[in-house]
Amino acid sequence: MLATIPAQMRALVLADFGRFEVQERPTPGPAPGEALVRVVATGICGSDLHGYTGENGRRRPGQVMGHETVGVVVALGEGATGPAVGDVVVLNPNLGCGSCARCLEGNAHICAQRRVIGVDPTISSGFADYLAAPAANLIGFGGDVALGALVEPLAVGYHAALRGGVAASSRVLVVGGGPIGQAVAIACRRLGAASVLVSEPHPARRTLVAELGFAVVHPDELPEAVGAVDTAIDAVGVSATLETALAATAAGGTVVLVGMGAPTVEVPAYAISTAERTLVGSFCYAPVHFADTAAWAAGAGPELAPLISRVVAPEQAQGAFAGLADGSDPASKILVAFAPDLLG
């Protein structure tokens with residue numbers, strides 16, 4: 001039986017850039033069309049780190065961040081349909097307007113009016129005991145509950161692979177073996193790619209990528225033959241990695257830019273025009289790709305388990321963020337657990 005919903009909840013609040021505090025906040029109530037979710041765990045995303053440091057200007061002190069969330073529905077607002085009370089769900093944090101051309105064609109993630117749970121400072125998000133979200137953005141999850149917190153980044157990788165046209169015959173290079181690069185590589189394998197090679201300078205990340213079953217090399221060790229890949233996916237997003245991706249791709253091939261390491265990059269134009277390569281942007285995921293990934297991940301436990309480095313309590317989150325931000329912690333994915341008893 002579900003516990004009584006308390007009037008107050010714990011929330012991990014960005015008290016200032018570089019400092020989180022666990023505070024008591026009022027528990028939100030579900031508005032019409034919304035569901036109230038008891039958060040089980042929320043993963044720490046690279047964009048959360050940028051918000052923590054203040055470097056991207058997209059977070060504000062005083063807000064509750066977090067969007068890689070898995071939880072249990074505990075209440076429904078008026079008219080809410082889809083999930084039922086007691087369901088384990090994962091959160092698609094992208095909120096489109098619902099009426100523009102992009103939303104109507106199924107691409108709410110690129111709606112011009114898009115808001116993102118975990119980014120919008122007016123929305124109390126996933127680093128808290130409870131989260132209110134539109135029921136339509138909550139997707140049922142039938143697998144190991146902890147793995148539900150991986151669905152959001154896995155969907156980013158899946159969408160990027162689809163944007164690159166990855167298929168059964170594809171030879172793929174993934175530039176960057178961090179969490180998004182790992183998700184991209186897994187997506188390429190999921191799509192049946194003929195070969196997947198990952199380029200990553202950090203030794204701990206190379207070890208994890210190898211544990212996941214992929215060929216991995218230091219960027220300085222990329223073989224000359226890599227120039228024949230059909231698709232290169234840049235999961236870093238700086239000038240140097242984009243240049244590597246273009247150089248690695250055969251004439252007529254495709255480069256996908258999904259990494260967001262810098263807001264501006266230099267583009268080697270001749271490498272695109274003279275070999276008729278295609279440069280494609282990829283951001284988040286279409287709603288259907290998120291739902292498809294949730295369904296797939298529910299049955300992929302052994303493959304995905306190595307992605308979770310460790311689980312911490314909210315009171316330990318400040319230390320986890322600090323270590324990730326200064327590079328002293330090589331962890332891939334850290335989950336902040338608000339209901340560890342439900343992690344299984």
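Points worth noting:
- Label-point separation in nm, Ala275 to Glu78, each point 7 Å along Cα→Cβ: 6.0 nm
- Where segment 27-83 is the region considered: accessible area per residue in Å², 1.4 Å probe: 35 Å²
- Nonpolar atom fraction for the chain, defined as the carbon and sulfur part of the 1.4 Å probe accessible area, stands at 55 percent.
- Between segment 123-192 and segment 41-106, the alpha-carbon centres lie 14 Å apart.
- Looking at segment 193-344, the DSSP beta bridges with both ends there are about 0 percent antiparallel.
- Expressed to the nearest 5 percent, the antiparallel share of DSSP beta bridges inside the chain is 60 percent.
- From helices alone, the chain scores -7000 deg cm²/dmol at 222 nm; the rule is -39500 (n - 2.57) for each run of n ≥ 4 DSSP H residues, then divide by the residue total.
- Relative contact order computed over the chain (Cα-Cα under 8 Å; 6+ residues apart), in percent: 19 percent
- For Thr4, the solvent-accessible surface computed with a 1.4 Å probe is close to 120 Å², ligands and nucleic acids excluded.
- Accessible area of His50 (1.4 Å probe, protein heavy atoms only, ligands and nucleic acids ignored): about 70 Å².
- Take Leu208: with every protein chain present and a 1.4 Å probe, its accessible area is about 20 Å².
- Choice from Asp48, Asp220, Asp16 showing the highest fluctuation, given a GNM over the chain with Cα pairs closer than 10 Å: Asp220
- Applying 1/(1 + (r/R0)^6) with r as the Cβ-Cβ distance of Ala31 and Glu221 and R0 = 41 angstrom yields a FRET efficiency of 0.15.
- Ordering His159, His202 by accessible surface, largest first, gives His202, His159; the 1.4 Å probe counts only protein heavy atoms, with every chain in place.
- Cα centroid of segment 281-309 to Cα centroid of segment 224-265, whole Å: 23 Å
The values are calculated or read from the model by the stated rules, or taken from the named source; none is laboratory data. The structure displayed is predicted, hence computed values, not measured ones. Backbone-built Cβ (ideal geometry, glycine too); neighbour counts: all protein chains shown. To get the accessible areas, we keep the full protein, side chains included, count just its heavy atoms, and leave off ligands, DNA and RNA. Shrake-Rupley method; radii C 1.70, N 1.55, O 1.52, S 1.80 Å.
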